[in-house]
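**Student:** Sharing a structure below in structure tokens format, with a few things to ask.
Read-outs: derived from the displayed coordinates by stated rules, not from any lab. Keep in mind the model is a prediction, meaning the values are calculated, not measured. Here the Cβ is made from the backbone with ideal geometry for all residues, glycine too, and neighbour counts use every protein chain on show.
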Amino acid sequence: KAGVTQTPRYLIKTRGQQVTLSCSPISGHRSVSWYQQTPGQGLQFLFEYFSETQRNKGNFPGRFSGRQFSNSRSEMNVSTLELGDSALYLCASSLGPVNTEAFFGQGTRLTVV
Amino acid sequence: DQQVKQNSPSLSVQEGRISILNCDYTNSMFDYFLWYKKYPAEGPTFLISISSIKDKNEDGRFTVFLNKSAKHLSLHIVPSQPGDSAVYFCAARTGVGNTPLVFGKGTRLSVIA
């Protein structure tokens, strides 16, 4: 069974640009969550989608948005990039809303210059 | 306010000895706890979990202990191996309403041969 796939693995963008990251969950998993990891800050929750609906949202500005498609694949978008957005963005999938185990992808390393 | 705290940023242990990683939480509604292990440039890997109805869960060399009255959990690794060197994250969630996983900031474990 294939794991969670995130693309691209690495990305360099300039301040002010926008970026879209993609996540394909494990086959059969309908819940996708996104996290931001920065040094010393652990994993900060961004948002969670289930069946194309955003179920939970973390404390991030509106520049961060996401969506989920009917095949459970998810994208997150960051507009007007800032230097502080440089981080590892992780996607996790789980079976559904009551499943408590999340499986992570390898992440997308975003660098904003 | 950090709901899940890992107060030791790093820990060094000799190969063959026991590694004990600690985690404290403040939200009494948390009822499911997980430990993840993360190598550099990879996503976190699920290690072991425990429900609040238990006080201990064991899986091979890994044992998680939960002390609900103290709002404290710990991960024991016995015996420690060099391949265990990684960052370990504690995470928690509430069962009701499917709230997202809340992570600690992680503890970097170094197992010295």
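**Student:** Here are A:Arg55, A:Arg30: which of them is out of contact with any Gly (no Cβ under 7 Å at 6 or more places or on another chain) and basic (Lys, Arg)? It would help to see each step written out before you state the result.
**Tutor:** Numbers: A:Arg30 fails: out of contact with any Gly (no Cβ under 7 Å at 6 or more places or on another chain).
Residue meeting the stated conditions: A:Arg55.
**Student:** Right, next: Among A:Tyr49, A:Tyr89, A:Tyr35, which is the only one that is surrounded by 16 or more Cβ atoms within 10 Å (Cβ to Cβ) and without any contact (Cβ under 8 Å) to a residue 40 or more places away in the chain? Steps first, answer last, please.
**Tutor:** Values: A:Tyr89 fails: without any contact (Cβ under 8 Å) to a residue 40 or more places away in the chain; A:Tyr35 fails: without any contact (Cβ under 8 Å) to a residue 40 or more places away in the chain.
From the options A:Tyr49, A:Tyr89, A:Tyr35, the qualifying one is A:Tyr49.
**Student:** While we're here: What number goes with the only condition from (1) over 24 Å from A:Glu48 (Cβ atoms); (2) within 10 Å of the chain's Cα centre (by Cα) that B:Tyr36 does not pass?
**Tutor:** (1)
**Student:** Going by the structure shown, is B:Ser19 more than 11 Å from chain A (Cβ to nearest Cβ) and crowded, with 17+ Cβ neighbours inside 10 Å? Working first, answer last.
**Tutor:** Working: more than 11 Å from chain A (Cβ to nearest Cβ): yes; crowded, with 17+ Cβ neighbours inside 10 Å: yes.
Spelling it out, B:Ser19 is indeed more than 11 Å from chain A (Cβ to nearest Cβ) and crowded, with 17+ Cβ neighbours inside 10 Å.
**Student:** In region A:31-51, what residues are under 14 Å from the mean Cα position of the chain (by Cα) and not polar (S, T, N, Q)? Working first, answer last.
**Tutor:** Our first condition is that a residue be under 14 Å from the mean Cα position of the chain (by Cα); within region A:31-51, this holds for A:31-38, A:43-50.
Listed by number, the residues that qualify are A:Val32, A:Trp34, A:Tyr35, A:Leu43, A:Phe45, A:Leu46, A:Phe47, A:Glu48, A:Tyr49, A:Phe50.
**Student:** From the list A:Arg9, A:Arg55, A:Arg63, exactly one residue is within 13 Å of chain B (Cβ to nearest Cβ) and farther than 25 Å from B:Pro40 by Cα. Which is it? So that I can check it myself, show each step before the final result.
**Tutor:** On the way: A:Arg9 fails: farther than 25 Å from B:Pro40 by Cα; A:Arg63 fails: within 13 Å of chain B (Cβ to nearest Cβ).
Being within 13 Å of chain B (Cβ to nearest Cβ) and farther than 25 Å from B:Pro40 by Cα holds for just one of A:Arg9, A:Arg55, A:Arg63, which is A:Arg55.
**Student:** A further question on this structure: So which strands (runs of 3 or more DSSP E) stay within region A:68-113 end to end and still have 1 or more residues that are within 9 Å of chain B (Cβ to nearest Cβ) and out of contact with any Phe, Trp or Tyr (no Cβ under 8 Å at 6 or more places or on another chain)?
**Tutor:** Details: elements: A:74-78, A:87-94, A:108-112.
Where strands (runs of 3 or more DSSP E) fall fully within region A:68-113 and carry at least 1 residues being within 9 Å of chain B (Cβ to nearest Cβ) and out of contact with any Phe, Trp or Tyr (no Cβ under 8 Å at 6 or more places or on another chain), they are A:87-94.
**Student:** Filter region B:72-113 for residues that are assigned to a strand (DSSP E or B) and among the charged types (D, E, K, R); which is farthest from the other protein chains (Cβ to nearest Cβ)?
**Tutor:** Taking region B:72-113 first, the residues assigned to a strand (DSSP E or B) are B:72-77, B:86-93, B:102-103, B:107-112.
Now drop any that are not among the charged types (D, E, K, R), which leaves B:93, B:108.
Numbers: B:Arg93: 6, B:Arg108: 11 Å.
For region B:72-113, the residue satisfying everything is B:Arg108.
**Student:** Additional query: Out of all the residues in region B:39-58, which are within 10 Å of chain A (Cβ to nearest Cβ) and under 15 Å from B:Ile77 (Cα atoms)?
**Tutor:** Listed by number, the residues that qualify are B:Phe46, B:Ser49.
**Student:** Still on this structure: Take A:Leu21 and decide whether it is buried (at least 20 other Cβ atoms within 10 Å of the Cβ) and of a type in the set (A, V, I, L, M).
**Tutor:** Working: buried (at least 20 other Cβ atoms within 10 Å of the Cβ): yes; of a type in the set (A, V, I, L, M): yes.
Considered against the rule, which asks whether it is buried (at least 20 other Cβ atoms within 10 Å of the Cβ) and of a type in the set (A, V, I, L, M), A:Leu21 comes out as yes.
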